[in-house]
């Protein structure tokens with residue numbers, strides 16, 4: 001898991017094109033019910049730490065600020081899903097996009113609480129926004145301006161999905177050379 005970069009490290013990453021030179025809000029989408037997992041996934045331990053702590057640490061390496069959506073307690077500031085809870089990951093992303101737009105962030109880097117081991121060069125792999133992973137669209141880099149499209153989708157009668165947002169805003173959907181962890185069941189947790 002990457003550690004927090006120093007300001008000098010961020011400048012070097014940005015100069016090398018690994019990190020965008022625009023302010024990025026990190027968003028951990030953590031509002032799911034964890035029904036397949038059987039208990040709160042965010043609290044599940046990996047290497048002695050809750051998954052949510054792994055996600056916040058990873059995002060903190062790349063982002064100016066990190067928030068957790070869909071929860072009321074976390075190791076980072078929390079935002080309620082927008083417009084309401086239980087509307088899936090897109091509602092968590094919409095909350096982050098709305099906050100980003102209002103707070104002056106240019107983009108939101110998103111991931112789920114259940115994707116430990118994100119590659120250190122994730123931003124370079126993603127490239128410019130809008131982009132998401134084809135097989136895990138909760139992992140993506142989204143322009144703050146995408147809030148309007150997310151709002152339309154969430155308030156409409158169609159699919160309330162990350163893929164629907166990606167399609168509407170023309171996000172590139174990319175594949176990585178190696179699949180990333182996606183913990184849906186207790187057995188998906190890597191052993192220590």
>> Distance between the C-alpha centers of segment 97-143 and segment 49-72? Whole Å please.
In response: 12
> Given the rule -39500 (n - 2.57) for each run of at least 4 DSSP H residues, summed and divided by the residues of the chain, what is its mean residue ellipticity at 222 nm, to the nearest 500 deg cm²/dmol?
Replying inline: -9000 deg cm²/dmol
> If you take the square roots of the eigenvalues of the alpha-carbon gyration tensor of segment 102-142 and sort them as a ≥ b ≥ c, do you get rounded (a/c under 1.5), prolate (a/b over b/c) or oblate?
Replying inline: prolate
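At a 10 Å Cβ-Cβ cut-off, how would you order 86, 40, 121, fewest neighbours first? Present the calculation step by step, with values, prior to reporting the outcome.
Details: 86 10, 40 16, 121 13.
Ranking 86, 40, 121 by Cβ neighbours within 10 Å, fewest first, gives 86, 121, 40.
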>> Which of rounded, prolate or oblate describes segment 71-125 when judged by the alpha-carbon gyration tensor and an a/c cut-off of 1.5?
In response: oblate
> Tell me, 69, 152 in order of fewest to most beta-carbon neighbours within 10 Å?
Replying inline: 152, 69
> Once both labels are modelled 7 Å past Cα along the beta-carbon direction, what's the residue 182-residue 73 spacing in nm?
Replying inline: 3.1
> So how far apart, in nm, are the two label points at residue 172 and residue 22 if each is 7 Å from Cα heading toward Cβ?
Replying inline: 1.5
> Once you sort the root eigenvalues of the Cα gyration tensor of segment 31-101 as a ≥ b ≥ c, which label holds: rounded (a/c under 1.5), prolate (a/b larger than b/c) or oblate (the other case)?
Replying inline: oblate
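Quick note: the coordinates plus some simple rules give every number you see, no bench work behind them. Note that this is a predicted model, so its numbers are computed, not measured. Please note: Cβ atoms are built from the backbone with ideal geometry, for glycine as well, and neighbour counts cover all protein chains shown.
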